[in-house]
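Next up is a structure, given as structure tokens.
The values are calculated or read from the model by the stated rules, or taken from the named source; none is laboratory data. In this text the structure is predicted, and so the values were computed from the model without any measurement. Neighbour counts run over all protein chains shown; Cβ positions are idealised from the backbone, glycine included. Heads up: the accessible areas ignore ligands, DNA and RNA and are worked out on the full protein's heavy atoms, side chains in. Shrake-Rupley method; radii C 1.70, N 1.55, O 1.52, S 1.80 Å.
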Amino acid sequence: MIVDTHLHLINKSALTYPWLGGVPALDRDFLYSTYEAEARRVGIEAALHMEVDVDPGEMELETSEIRQLAQRPGSLLQGAIAACRPEEEGFAAYLERQQADPLVKGFRRVLHVMPDELSEAALFRENIRRLGGSRFTFDLCVLPHQIPKAIALADLVPDLQFVLDHCGVPEIRSGAEHPWRDHMSEVAKRPNVVAKISGVIAYADENWTAQTLRPYVEHTIAAFGWDRVVWGSDWPVCTLGGNLSTWVAATHALIQGCSAEERTKLLSANARRIWNLG
């Protein structure tokens, strides 16, 4: 069975998503009921919702919407990775409010669409330090050339669990492995960073096969080791390269020769340990 550590839900009647206008294929509702039906068929037994970069004024409303879904009997949703703005003065008060919410398991500030200088600002770094030693994780969504920025944050707060999204967003479509490969080996040396094997089919061209993905997935797992990798769907972004079922099938193909213990660590056990899931 699988724990999905990277699920996005889009409900345009409830929340505002400024970035969706630039991605027509995703500019519509992707609701929990649609995800749940397919997820149960492919063996997903629990999921963490990943913030969807809503309008900043709606960050806490997004968490509230997810809470309502998580409270449904039998819901797959067991936690939320909430949006945050560490570059703003209000972060400390925001963090204090989230401390009391058991649904919130961690935070993410999307960095790959922001200037590199954002994560280098003094206030941003001061606020990231506030997460050190806490129960929260911090997801890093960066492009290959930005991985050194992620390394700098990991070194800044060694007692914070960082999570590198989407195998470091490799450029699979062009077949490029550098500087991605070397940067992944370097960031993996930080024991406080785990890697998500999540949704990489979105970065391949339409003719991809499991073999297309193999160099990127295998290098990520080899660099981080089986105790520091987790699986995520990145639904509905993964639909840009297929669908949820396709990505699950590709994952099983890629880890077919691994031991049962290794497969379990990637697909569920590590996630349950890292986010203290039931």
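Can you compute the charge dipole magnitude of the chain about its Cα centre, using +1 on each Lys and Arg Cβ and -1 on each Asp and Glu Cβ, nothing else charged? Give it in debye, rounded to the nearest 20.
800
I've got another one for you. Order Thr239, Thr63, most accessible first, counting only protein heavy atoms with a 1.4 angstrom probe. Don't skip to the end; give the middle numbers.
Details: Thr239 45, Thr63 10 Å².
Greatest to least solvent exposure: Thr239, Thr63.
For Val52, Val42, write out the residues from largest to smallest accessible area, computed with a 1.4 angstrom probe and no ligands counted. Please report the intermediate quantities before stating the final value.
Details: Val52 5, Val42 35 Å².
Output order, biggest surface exposure first: Val42, Val52.
Take the alpha carbon gyration tensor of the chain, find the square roots of its eigenvalues, order them as a ≥ b ≥ c, and report rounded if a/c is under 1.5; if not, report prolate when a/b exceeds b/c, else oblate. Can you show the working numbers first?
On the way: a/c = 1.34, a/b = 1.10, b/c = 1.22.
The shape class here is rounded.
Which of Cys258, Cys238, Cys141 ends up with the largest GNM mean-square fluctuation for the chain, with Cα atoms connected below 10 Å?
Cys258
Would you kindly state the longest site-free stretch of the chain, with sites defined as GluC sites (Glu not before Pro) in a DSSP loop (not H, G, I, E, B) surrounded by at most 11 other Cβ atoms within 10 Å?
On the way: sites that count: Glu89, Glu206.
Longest site-free region, per DSSP loop and neighbour criteria: 90-205.
Another one. I want to check the label-to-label distance for Glu58 and His145. Put each point 7 Å from Cα in the C-beta direction and report it in nm to one decimal.
3.2
Given R₀ = 41 Å, FRET efficiency for Glu120-Thr16 by Cβ-Cβ distance, to 0.05?
Working: r = 29 Å, r/R0 = 0.70.
The computed FRET efficiency comes out at 0.90.
Using only protein heavy atoms and a 1.4 Å probe, report how much of His252 is accessible, in Å² to the nearest 10.
Rounded to the nearest 10, that gives 80 Å².
Within the stretch 1-69, report the trypsin sites (Lys or Arg not before Pro) that DSSP leaves as loop and that have at most 14 other Cβ atoms within 10 Å. Kindly include the intermediate steps, with their values, before the conclusion.
On the way: sites: Lys12, Arg28, Arg40, Arg41, Arg67; in loops: Lys12, Arg28.
Within the stretch 1-69, the qualifying trypsin sites (Lys or Arg not before Pro) (loop, at most 14 other Cβ atoms within 10 Å) are Lys12, Arg28.
So between Glu218 and Arg129, what do we pick up on full extension, going 0.36 nm a residue minus the alpha carbon distance? Can you show the working numbers first?
Values: separation 89, 0.36 × 89 = 32.04 nm, distance 3.17 nm.
Extra length from Glu218 to Arg129 when fully extended: 28.9 nm.
Next question, about the same structure. Can you give the extra length, in nm with one decimal, that the chain gains between Ser174 and His112 once fully stretched, where that is 0.36 nm per residue apart less the Cα-Cα distance? If you can, show how the numbers build up before the last one.
Numbers: separation 62, 0.36 × 62 = 22.32 nm, distance 1.83 nm.
Fully extending the segment from Ser174 to His112 adds 20.5 nm.
Using a Förster radius of 51 Å, what is the FRET efficiency between Ser185 and Met1 based on their Cβ-Cβ separation? Nearest 0.05, please.
Calculated value: 0.95.
State, as an integer percentage, the relative contact order of the chain based on alpha-carbon contacts under 8 Å between residues 6 or more apart.
On the way: 484 pairs, mean separation 50.7, N = 278.
Computed over the chain, the figure is 18 percent.
OK, next. Please work out the C-alpha center-to-center distance from the stretch 164-185 to the stretch 47-88 and express it in whole Å.
28
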